[in-house]
1. Calculate one ³J(HN,Hα) per residue across region 42-57 by plugging θ = phi - 60° into the Karplus curve 6.51 cos²θ - 1.76 cosθ + 1.60, and present them in order as whole Hz with x for glycine and proline.
2. Over the chain, what relative contact order in percent results from Cα pairs under 8 Å that are six or more residues apart?
3. Pick the calculated Cα Rg over 2.2 N^0.38 Å for this structure from [x] 1.27; [y] 1.09; [z] 1.61?
4. What nm distance separates the two modelled labels at Glu28 and Thr58, each placed 7 Å from Cα along Cα→Cβ?
5. Once every DSSP H run of n ≥ 4 in the chain is given -39500 (n - 2.57) and the sum is divided by its residues, what mean residue ellipticity at 222 nm do you get, rounded to the nearest 500 deg cm²/dmol?
Amino acid sequence: WRSNKLDQCCIKEQRHVHEFLGSVKVAEIFEDPHNHRFAGITGEAIFCGDQHFHKICTNTDFYEDHFHSIADKTGPAIDVGDGRHVHFVDGDTTIVDGHNHEFIFATLIENPIGD
C-alpha cells in the first residue's frame with residue numbers, strides 16, 4: 001500500500017503556519033440554538049509588502065444533521081513579543097440548513113517551543 005506518490009506530493013520546504021481552534025457563535029437562538037467547534041492549521045504565510053497573512057479553510061463539527069465550512073484569511077501579524085506573533089480572524093461560516101454562524105478568533109503562536 002505504500003507508494004512513492006506520497007513523497008511526490010509532500011512539500012520539502014514550508015514557510016510557517018499556525019494552529020487554530022475555536023467555536024462559532026450561537027445561531028438560531030429561538031428555533032434551535034446551537035454552535036459548532038472547529039480546529040486546523042493555516043496555509044503557509046503569504047507575503048504582501050512588509051506584512052503577511054494566511055488562508056484558513058476548515059469545516060466545523062456536526063450538529064444533528066449539518067456542519068459549516070470556514071474559508072477566510074487572517075489579518076496581518078500581531079506581535080506578541082520574543083519575535084513571535086498571532087493573527088486575528090473574523091467572519092461568517094457558509095449558510096447551511098438555513099443559517100450561518102459568525103466566528104472570531106486568534107491563531108495560536110507559530111513555532112510555540114522555539115528553536
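1. So the Karplus estimates, Gly and Pro as x, are 5, x, 5, 4, 10, 7, 9, x, 9, 10, 8, 9, 9, 7, 10, 8 Hz.
2. Details: 227 pairs, mean separation 26.4, N = 115.
Here the relative contact order equals 23 percent.
3. The value computed from this structure is option [x].
4. Between Glu28 and Thr58, the label points sit 2.3 nm apart.
5. Working: 1 runs with 5 residues, N = 115.
One gets -1000 deg cm²/dmol as the mean residue ellipticity at 222 nm.
The numbers here are math on the coordinates, done by the rules we state, and not lab data. Bear in mind that the values here come from a model prediction, so they are computed numbers and not experimental data. Note that we place each Cβ from the backbone using ideal geometry, even for glycine, and neighbour counts take in every protein chain shown.
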